[in-house]
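Here's the structure, in C-alpha cells; my notes come after.
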Amino acid sequence: MKTLEQDFIENKSKILIPEDSIRGRVRGLSQEIINHYQWLDKELIVVGLMDGASVFLSDLIRLLPFKIKLYFITLKTYLGKNKIKDGTIDTCKEFSDDFCNSIQDNNALIVDDILDTGESINTISEAIKIFDPKTLKTVVLLNKKIEAQKKAKADFIGFNIPDKFVVGFGMDYNGYYRNLPDIRIIE
Ligand code: IMP
Ligand code: MG
C-alpha cells in the first residue's frame, strides 16, 4: 500500500531540483550574502515572507553569522494554482512598532521562496521603505522565467527555473507538499 505522499512522488509529480542541489546552493547563497554584508556594523533584520519561505529561511539563517533579528510577514498570492485576482496580496500582517523601530536605519533582508511576477516583493519592499531602512535587499531561492516584465528583482537568487508551478521545500499547492525535501513540478 502506497502512502499518499509516495503516490504523489511516483505518479503525480516530477523532480525539478533534488534535495542535495538545494542544500549546496543554499550554502552558496549564504556565502554570497556573507560576502555582501562583510561591512555590516549593525544588526541584520531578516523579514521572511510566510508561508512559502519558512523552510528556505530556516536553513539559510542558520548559515549567516550575523546578529539577526527575525520577523515574519504573511502574504497569500495563490489559491491552488490560480493567482488571486484583484488585491493579489490577501493578507499582510500589520507591522508592529517593534518591527518599524528595528527597520529604521538598519539593514533589512527580505527572504522569499520564489519570485514570479514580483508583485509580492514589490509590495513588501515599498511598505518597508516607509520605515527608512539603511539598506534593503532581497533573496529568493527560485526565480521564475516569465514573459511579462517583473515588478521587482531579487539581489540574491538561488536558481532560475522555467514558468511551471512547483511544490516542495516550503512551497505548496493548496497548503500541501511543503514538507517534500526536493522541489517538484506537478504533472
Ligand atoms: P509573485 O508575487 O507573483 O512574485 O509571487 C510570489 C509568491 O507566490 C511566492 O511568495 C510564492 O508563495 C507564490 N508562488 C509563486 N509561484 C509559485 C509556485 O510555483 N509554487 C508555489 N508557490 C508559488
Ligand atoms: Mg509566498
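The values are calculated or read from the model by the stated rules, or taken from the named source; none is laboratory data. Keep in mind that this is a model prediction, so the values were computed, not measured. Positions of Cβ are backbone-derived with ideal geometry, glycine not excepted, and every protein chain shown enters the neighbour counts. What goes into the accessible areas is simple: the full protein's heavy atoms, side chains included, and nothing from ligands, DNA or RNA. Shrake-Rupley method; radii C 1.70, N 1.55, O 1.52, S 1.80 Å.
When 117, 138 are checked against the criterion of being modelled with pLDDT under 95 and either among the hydroxyl-bearing types (Ser, Thr, Tyr) or on the phi > 0 side of the Ramachandran plot (or both), a single residue qualifies: 117. Residues of segment 111-129 that are hydrophobic (A, V, I, L, M, F, W, C), over 11 Å from the mean Cα position of the chain (by Cα) and open to solvent by less than 20 Å² (accessible area, probe 1.4 Å): 124, 128. Restricting the first residue to segment 97-114 and requiring it to be in contact (Cβ under 8 Å) with a residue 60 or more places away in the chain, which pairs with a second residue that is within 16 Å of ligand 1 (Cβ to nearest atom) and polar (S, T, N, Q) meet a Cβ separation below 7 Å and a spacing of at least six or different chains? Note: pairs meeting the criteria are 110/125; 110/138; 112/120. Restricting attention to segment 27-48, the residues that are among the β-branched types (Val, Ile, Thr), open to solvent by 10 Å² or more (accessible area, probe 1.4 Å) and either within 16 Å of ligand 1 (Cβ to nearest atom) or within 17 Å of the chain's Cα centre (by Cα) (or both) add up to 0.
Just checking, does segment 86-100 include any residue being open to solvent by 20 Å² or more (accessible area, probe 1.4 Å), touching a Ser or Thr at 6+ places or on another chain (Cβ under 8 Å) and among the hydroxyl-bearing types (Ser, Thr, Tyr)? Looking for residues that are open to solvent by 20 Å² or more (accessible area, probe 1.4 Å), touching a Ser or Thr at 6+ places or on another chain (Cβ under 8 Å) and among the hydroxyl-bearing types (Ser, Thr, Tyr), one finds at least one in segment 86-100, hence yes. Cβ-Cβ contacts under 6 Å between residues 6 or more apart (or on different chains), taken from a first residue in segment 49-72 that is in contact (Cβ under 8 Å) with a residue 40 or more places away in the chain and open to solvent by less than 30 Å² (accessible area, probe 1.4 Å) to a second residue that is away from ligand 2 (no atom under 16 Å from the Cβ) and of a type in the set (A, V, I, L, M), are listed as 60/26. All of (1) of a type in the set (Gly, Ala, Ser); (2) open to solvent by less than 20 Å² (accessible area, probe 1.4 Å); (3) on the phi < 0 side of the Ramachandran plot hold for residue 148 with one exception: (2).
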